[in-house]
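Trainee: Here it is: the structure, laid out below.
The values are calculated or read from the model by the stated rules, or taken from the named source; none is laboratory data. Not measured: the values here are computed from a predicted model. Glycine also receives a Cβ, built like all others from the backbone with ideal geometry; neighbour counts cover every protein chain displayed.
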Amino acid sequence: MMRLVLCALLVSVAVPARAVVPTPTVIGPITSPGGAFITPPSSLVLSEFGYVEEEFFVAGTARAQTTVNPLGADGNWTASPDGATAPYETRILVRRPISPKQFNGTVIVEWLNVSGGLDAAPDWTFLHPFLKREGYAWVGVSAQFQGVAGVGGPLGLSLSLKSVSPIRYGPLVHPGDSFSYDMFSQVAQALRQPGARVLGGLAPRRLIAIGESQSAFRMTTYVNAVHPTAHVYDGFLIHSRSGGAAALSQSPQPSITAPTPSYVRGDVDVPVLIFETETDLITLGYFPARQDDLGNIRTWEVAGTAHDDAYGLNAGPNDAGKAALDTTYLPPQTSVFGVINCANPINQGPQHYVLSAAVRRLNRWVRTGHVRGGPTSPRLEIGAGPSLVLDTLGNAVGGIRTPQVDVPIARLSGLGQSGGFCSLFGTTVPLDAGTLASLYPTHGAYVRAIVQSARKTVRAGFVTRIDATAIKAAAASSNVGG
C-alpha cells in the first residue's frame, strides 16, 4: 500500500489554471421514432415514483487532451487541450423527479459503461431504489465511441445506438475516445446552466460523477488529468476500478497511456470515494493501486461482493420496491439474460446496499465540505499472492461487513468463476445443512443474529436504515434455522 505522507501535501505545488469548459447545444427532448435505448431493459414505470425519463442530444466541439510529461503512478497529471478539436453530437438520458419539491439538489452523472459493446447503466441499476426515494436526479452520458457508433462487441452483437436505431440516432457523431473527457465535462456544463431544460427547470446544487468498471478506469483518468482544470464536478465515486487507468489519448490521436498502478492524485480538491469489491482487488488487479485514506480520498472495500452480481445482473433492473430487494434467498442463478452462462451460481452478495450508503455519505460530504470522521472504512485482509484471507466458513476477513457476510448461509465470494464475463460475477456456495444447523439451531436464532448485525451496520453508516429493514424482513420470511 502506498503511504502518502501528510507533510507532502503541505509542499507548494503548481496548480494548473482552470480552463473554461464550453457550453454545448442541447437538443430535445427526443421523442421519435421509437424510444431511448439502454441496457439492461427495465419494466419500471418511473411515473409511479414521481419520476420522468427524457432523452436529449448534446452537440458541440470537443478537445482532445495532451500532457507534457509522461503519466506517473502518483496520479499528479497535468493535462491540457492538445489543439485537436472535433465536432460531436452524443446523447444523454435523464431520469429526474417531476416535482422540484422532491429533488434533493444532487445530480448523479453516470459515465455509461460500454464493456459489453453497448451503453449500459450499471450504477443506475444498483442504485435506483435509493436514488428515487431520496430525490436524486440521474443523467447517463454516452461518452464513448463504442456506445454511440461502434460495430460489434464481445458478445458478437452490434448494439451501439446508431446500429440499434439508425433513424432515431442518425444525427449522432462521435469523434473518438480521446475526446470523451471533454464531452463529459461539457455535459456537466449543460446541466449547470440556469433553467436548463435538460433537468426540466430543476436547479442542481451538486453534480457527482460516477462510473463503474471500464467507466471507473476513465473516471480515474478524469480525476487525475481533467478535473484540475475543468472543475465542473463536485465529487466523484469511482466504482470497481482496476490498478491502472484509461488512456488520456489514443489512436488516431497520439497515444498517452496510464501506468499500472495509477493512484488517485493526493491533492484532489473535491471528495473522491473509491468503492471496491473482492473481484476488483484480486481479479482486476486493484490491489497494487490501493492507497491510504487521505485528504479528499476515501476507499470502501466490501466483503462478500463481486464486480457484478445477482442483483445488478438479474434482480435490480425491475426492482420496484422502496427498499432494494435482498437477493440472499433467491434460487441459484447461473445465466445472465440467457446469453451469458456461468459454470457456478453467481454472487448473491450485498453490494447494492453498501453502494447506496456510499452515495449517501459522499453526497453529505460534498454538501457540507466535512468528512466528519468518515466515510472511512476497514480494509479487506489480503495475504500473499495477493489473495483474500478467509474465515473458517470461507468468507473474506475484514472490509465492510454486512449481515449477509457476518450471519452467513453461504460462502459469498468475488472469485471462483472462470472465462470471460463470468470471471467478474463471483460465486455463491451454500453452507451444508449440518453447518447451518450448528450455526442457527432455530429460525429465531438466525433472525436475531441478522437483526443484531443489521443494527451494527446501520450505526456504522454502511447500510441505510430502510435497506436494513428489508434485510431483516427477508430473513424473517426465510426458512433458515432449525
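Trainee: Taking the criterion of being under 21 Å from the mean Cα position of the chain (by Cα) and part of a strand (DSSP E or B), would at least one residue in the range 323-336 satisfy it?
Mentor: Looking for residues that are under 21 Å from the mean Cα position of the chain (by Cα) and part of a strand (DSSP E or B), one finds at least one in the range 323-336, hence yes.
Trainee: Let me ask something else about it. Check Ala73, Ala64, Ala59 and return the single one that is in a strand (DSSP E or B), under 23 Å from Pro254 (Cα atoms), touching a residue at least 24 places away in the same chain (Cβ under 8 Å) and among the small types (Gly, Ala, Ser).
Mentor: Ala64
Trainee: Now for a separate question. Which is over 20 Å from the mean Cα position of the chain (by Cα) and either surrounded by 21 or more Cβ atoms within 10 Å (Cβ to Cβ) or closer than 20 Å to Leu412 by Cα (or both), of Ala289, Ala258?
Mentor: The conditions single out Ala258.
Trainee: Can you pull out the residues in the range 90-119 that are under 15 Å from the mean Cα position of the chain (by Cα) and either β-branched (Val, Ile, Thr) or crowded, with 24+ Cβ neighbours inside 10 Å (or both)?
Mentor: Val107, Ile108, Val109, Glu110, Trp111, Leu112, Asn113, Val114, Asp119
Trainee: Follow-up. Given the criterion among the aliphatic types (A, V, I, L, M) and free of Cβ contacts under 8 Å to residues at least 24 places away in the same chain, identify the matching residue among Ala433, Ala449, Ala476, Ala396.
Mentor: It is Ala433.
Each row is one residue, and each column tells you yes or no for (1) touching a residue at least 12 places away in the same chain (Cβ under 8 Å); (2) under 24 Å from Gly385 (Cβ atoms); (3) β-branched (Val, Ile, Thr); (4) not assigned by TED's automatic domain parsing to the domain that holds Glu110.
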| position | (1), (2), (3), (4) |
| --- | --- |
| Pro228 | yes, no, no, no |
| His231 | yes, no, no, no |
| Ser262 | yes, yes, no, no |
| Phe287 | yes, yes, no, yes |
| Asn296 | yes, no, no, yes |
| Asp309 | yes, yes, no, yes |
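Trainee: Where residues in the range 340-381 are free of Cβ contacts under 8 Å to residues at least 12 places away in the same chain and among the small types (Gly, Ala, Ser), which of them is nearest to Gly211 (Cα to Cα)?
Mentor: If we take residues in the range 340-381 being free of Cβ contacts under 8 Å to residues at least 12 places away in the same chain and among the small types (Gly, Ala, Ser), then Gly369 is nearest to Gly211 (Cα to Cα).
Trainee: Name the residue, out of Gly295, Gly285, that is modelled with pLDDT under 95 and not polar (S, T, N, Q).
Mentor: Gly295
Trainee: Let me ask you something else. Restricting to the range 403-425, what's the tally of residues that are touching a Gly at 6+ places or on another chain (Cβ under 7 Å) and of a type outside the set (Gly, Ala, Ser)?
Mentor: 6
Trainee: Could you please find all residues in the range 372-424 being acidic (Asp, Glu) and within 22 Å of Arg455 (Cβ to Cβ)?
Mentor: Once the filter is applied, which keeps residues that are acidic (Asp, Glu) and within 22 Å of Arg455 (Cβ to Cβ), the range 372-424 yields Asp391, Asp406.
Trainee: A further question follows. Filter the range 99-109 down to the residues that are in contact with a Leu (Cβ under 9 Å, 6 or more places away or on another chain) and not polar (S, T, N, Q), then identify the one that is farthest from Gln146 (Cα to Cα).
Mentor: Restricting to residues being in contact with a Leu (Cβ under 9 Å, 6 or more places away or on another chain) and not polar (S, T, N, Q), the top hit is Pro100.
Trainee: Which condition from (1) within 21 Å of Gly321 (Cβ to Cβ); (2) outside any helix (DSSP H, G or I); (3) more than 25 Å from the chain's Cα centre (by Cα) is the one that Gly481 breaks?
Mentor: (1)
Trainee: Return the total of residues in the range 192-223 being among the β-branched types (Val, Ile, Thr) and outside any strand (DSSP E or B).
Mentor: Summing the residues that are among the β-branched types (Val, Ile, Thr) and outside any strand (DSSP E or B) in the range 192-223 gives 4.
Trainee: Still on this structure, I have one more. For residues that are of a type in the set (Ser, Thr, Tyr) and surrounded by fewer than 19 Cβ atoms within 10 Å (Cβ to Cβ), scanning just the range 406-446, find the one that is modelled with the lowest pLDDT.
Mentor: Looking at the filtered set, the residue picked out is Ser418.
Trainee: Still on this structure, I have one more. Evaluate the range 156-163: report whether one residue or more is of a type in the set (A, V, I, L, M, F, W, C), modelled with pLDDT of 95 or more and over 21 Å from the mean Cα position of the chain (by Cα).
Mentor: There is at least one residue in the range 156-163 that is of a type in the set (A, V, I, L, M, F, W, C), modelled with pLDDT of 95 or more and over 21 Å from the mean Cα position of the chain (by Cα).
Trainee: Here is a further query. Which residue pairs have Cβ atoms closer than 9 Å, lie 6 or more positions apart in sequence or on different chains, and pair a first residue in the range 30-42 that is without any contact (Cβ under 8 Å) to a residue 40 or more places away in the chain with a second residue that is assigned to a loop (DSSP other than H, G, I, E, B)?
Mentor: Sorted first by the residue in the range 30-42, then by its partner, the pairs are Gly35/Ser165; Gly35/Arg168.
Trainee: If I filter the range 44-69 down to residues being in contact with a Pro (Cβ under 8 Å, 6 or more places away or on another chain), more than 21 Å from Ala196 (Cβ to Cβ) and not β-branched (Val, Ile, Thr), which single residue comes out as surrounded by the fewest Cβ atoms within 10 Å (Cβ to Cβ)?
Mentor: Leu44
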